[in-house]
């Protein structure tokens, strides 16, 4: 039997990985069998017949692959067509934002990627590009998307949130210094100070801004 051994997350399908983590509470031996079944597509009846050396080499290869750091992909190819990560979030329609919120709550990451990546219309030499925001969101095209594309996308958002946290703190501290000069707004100063303390103590910035 020939199997494809992944060297990184780009060689692992997102749908397979999402199905695999549903079994994360299994004992190690049973979870390893799920890795062989879902990632390597080895039939159940064949797993118990494997040579131990091959068995453990495949498990080790998978564990190494998922430890490789994911890179953010600005462009991806699907069916020989280029898709780009939306360059302007303000171009998202209200319906897209509502769907994103619902998909995040449901953990429907394939549909999330289908909203965030759109067909590329044009690109220039400076790296600027346009995507077709009027295109219909088709999650079926993204069913075979790789795990790295998803994780790189999530990492991109976390970086944005970290930057937003720094900017928010600086803005609130500047605002508070200005308000302190006015004794009539003591309650407002206390409110801002409470928010600053909450963020510095670990309140998630997305909780501050909302979904």
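Computed from the coordinates by the stated procedures, all read-outs in this text should not be read as laboratory data. In this text, all values refer to a predicted model and were calculated from it rather than measured experimentally.
In terms of Cα atoms, the Rg and Dmax of segment 8-97 work out to 17.8, 55 Å.
Direction-averaged shadow area of the convex hull around the Cα atoms of segment 75-145, nm²? Could you put the intermediate results ahead of the total?
Details: hull surface 19.6 nm².
About 4.9 nm², averaged over all directions.
With Cα atoms defining each centre, segment 108-126 and segment 27-61 are spaced 35 Å apart in the structure.
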